[in-house]
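The values are calculated or read from the model by the stated rules, or taken from the named source; none is laboratory data. Keep in mind that what you see is a predicted model, and the values were worked out from it rather than measured. Note that we place each Cβ from the backbone using ideal geometry, even for glycine, and neighbour counts take in every protein chain shown.
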Amino acid sequence: MENKNFLPALTTTDWNAEYQQMQLLRRKTDDAAYWDKRAQTFTTKDAPNTYVEAFLKLAHIKAGESVFDMGCGTGALALPLARAHHPVIAADFSAGMLGQMIEQAQLQNITSLTPLQMSWEDNWTAFGIGENSCDVAIASRSIAVNDLRTALLKLTKVARRRVCITLATGSSPRTDERILREIGLPAVAGKDYLYAFNILAQEGIKSEVSYIESTREYTFNSYDEALEHFSSMVIDATRSFASEREVDHALITLADWLQAELVINETAGHLDKKGVAQGKWRLREPRKVTWAFLAWDI
């Protein structure tokens, strides 16, 4: 589902100071080894779904245009774009993710896709991704970096016509803020999409903003598996602001909350959108995630 809107620039005069403070609190840049491990459980990263369809609709990529997909994962966007005969350079720092994408490209006889193992922090020019390298540059749910400004400007530099990105509107796409509230913990509000909008405005770039809503249906084969999953989420999400005592109390509350909220999954055994067999249990209400889609023409 998509909802188009335009976002006014922040009016506070000290937003730069707030942005600098936010930079200090940002989680560390993602680790390639983490995603290599996760790639082993994927067949494709979010196989064609409403999010992918909405992104491609909003991107307005013209027939035959070349595309640079930074943080491509297993090719959720790169593969359908290449199937549509766009020359695509798909870059990711995870060899595991790229391997899954390459396997799918071979199975589908896709020949217009060029994989590239490269990170946000690398010198892109050294990898052949220089100024005006492509018609359209995209970064879908992949900007997990320490320096947001540099990432946005690097994307802008390599595109000849248009740039499209998505950023989470919550604290993190890995954090279920609803659960944190239910167990008595606050969630740190995510502002990356607001900072991105204002960074671009300061550079004289007028970006358009839309919103893509998606759901994440977590399934588990046992209560213990669910408890381990969400306990890790709670610990990771609150380590920067909650005391050890607060976290311990929240984990006890989480155990009781899960007892009430886990229900039988009627589609157990069916493949989910990542190609993984669904577990026997699910949360009563699926998690809803809203992504901010920002795009600007060069």
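Of all residues in the stretch 93-105, none satisfies being touching a helix residue (DSSP H, G or I) at 6+ places or on another chain (Cβ under 7 Å), surrounded by fewer than 16 Cβ atoms within 10 Å (Cβ to Cβ) and of a type in the set (D, E, K, R).
If only residues of the stretch 71-86 that are more than 19 Å from the chain's Cα centre (by Cα) and not in a loop (DSSP other than H, G, I, E, B) are counted, the one that is nearest to Ile143 (Cα to Cα) is Ala82.
In the stretch 258-298, the residue that is surrounded by the most Cβ atoms within 10 Å (Cβ to Cβ) out of those that are touching a Pro at 6+ places or on another chain (Cβ under 9 Å) and assigned to a strand (DSSP E or B) is Trp291. Phe293 fulfils the conditions (1) modelled with pLDDT under 90; (2) of a type in the set (Phe, Trp, Tyr); (3) closer than 30 Å to Phe55 by Cα except for a single criterion, (1). Condition check: among the hydrophobic types (A, V, I, L, M, F, W, C) and part of a loop (DSSP other than H, G, I, E, B). Does Ile89 satisfy that? No: the conditions fail for Ile89.
As a summary of the residue check, Ser240 satisfies the conditions (1) of a type in the set (Gly, Ala, Ser); (2) over 28 Å from Asn132 (Cα atoms); (3) modelled with pLDDT of 95 or more except for the one numbered (3).
Tell me, yes or no, whether the stretch 203-217 has at least one residue that is within 21 Å of Pro286 (Cα to Cα) and in contact with a helix residue (DSSP H, G or I) (Cβ under 7 Å, 6 or more places away or on another chain).
Looking through the stretch 203-217, at least one residue is within 21 Å of Pro286 (Cα to Cα) and in contact with a helix residue (DSSP H, G or I) (Cβ under 7 Å, 6 or more places away or on another chain).
Residue-wise test of (1) at positive phi; (2) in contact (Cβ under 8 Å) with a residue 60 or more places away in the chain; (3) in a strand (DSSP E or B); (4) among the aliphatic types (A, V, I, L, M).
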residue: Asp224; (1), (2), (3), (4): no, no, no, no
residue: Glu228; (1), (2), (3), (4): no, no, no, no
residue: Ser231; (1), (2), (3), (4): no, no, no, no
residue: Ala237; (1), (2), (3), (4): no, yes, no, yes
residue: Phe241; (1), (2), (3), (4): no, no, no, no
residue: Glu246; (1), (2), (3), (4): no, yes, no, no
residue: Asp256; (1), (2), (3), (4): no, no, no, no
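Taking Ile199, is it of a type in the set (A, V, I, L, M, F, W, C) and part of a strand (DSSP E or B)? No, not satisfied. Residue count for the stretch 157-181 satisfying the condition of being touching a helix residue (DSSP H, G or I) at 6+ places or on another chain (Cβ under 8 Å) and either surrounded by fewer than 19 Cβ atoms within 10 Å (Cβ to Cβ) or not in a helix (DSSP H, G or I) (or both): 14. Look at the stretch 235-285 and say how many of its residues are touching a strand residue (DSSP E or B) at 6+ places or on another chain (Cβ under 8 Å) and of a type outside the set (Val, Ile, Thr). Going through the stretch 235-285 one residue at a time, the tally reaches 16.
Within the stretch 98-122, the set of residues being without any contact (Cβ under 8 Å) to a residue 12 or more places away in the chain and assigned to a helix (DSSP H, G or I) comprises Glu103, Gln106, Leu107.
The test for being aliphatic (A, V, I, L, M), in contact with a helix residue (DSSP H, G or I) (Cβ under 9 Å, 6 or more places away or on another chain), surrounded by 14 or more Cβ atoms within 10 Å (Cβ to Cβ) and in a helix (DSSP H, G or I) holds for Leu251.
Search the stretch 131-156 for residues being in contact (Cβ under 8 Å) with a residue 40 or more places away in the chain and of a type in the set (Asp, Glu), and hand back the single one that is surrounded by the most Cβ atoms within 10 Å (Cβ to Cβ). Per the criteria, the residue is Asp135. Checked against (1) basic (Lys, Arg); (2) touching a helix residue (DSSP H, G or I) at 6+ places or on another chain (Cβ under 6 Å); (3) under 26 Å from Asn265 (Cβ atoms), Arg149 passes all but condition (3).
Taking Asp31 as the residue in question, decide whether it is under 14 Å from Pro115 (Cα atoms), modelled with pLDDT of 50 or more, of a type in the set (D, E, K, R) and under 18 Å from the mean Cα position of the chain (by Cα).
no
Residues in the stretch 112-129 that are closer than 18 Å to Ile102 by Cβ and among the hydrophobic types (A, V, I, L, M, F, W, C): Leu113, Leu116, Met118, Phe127.
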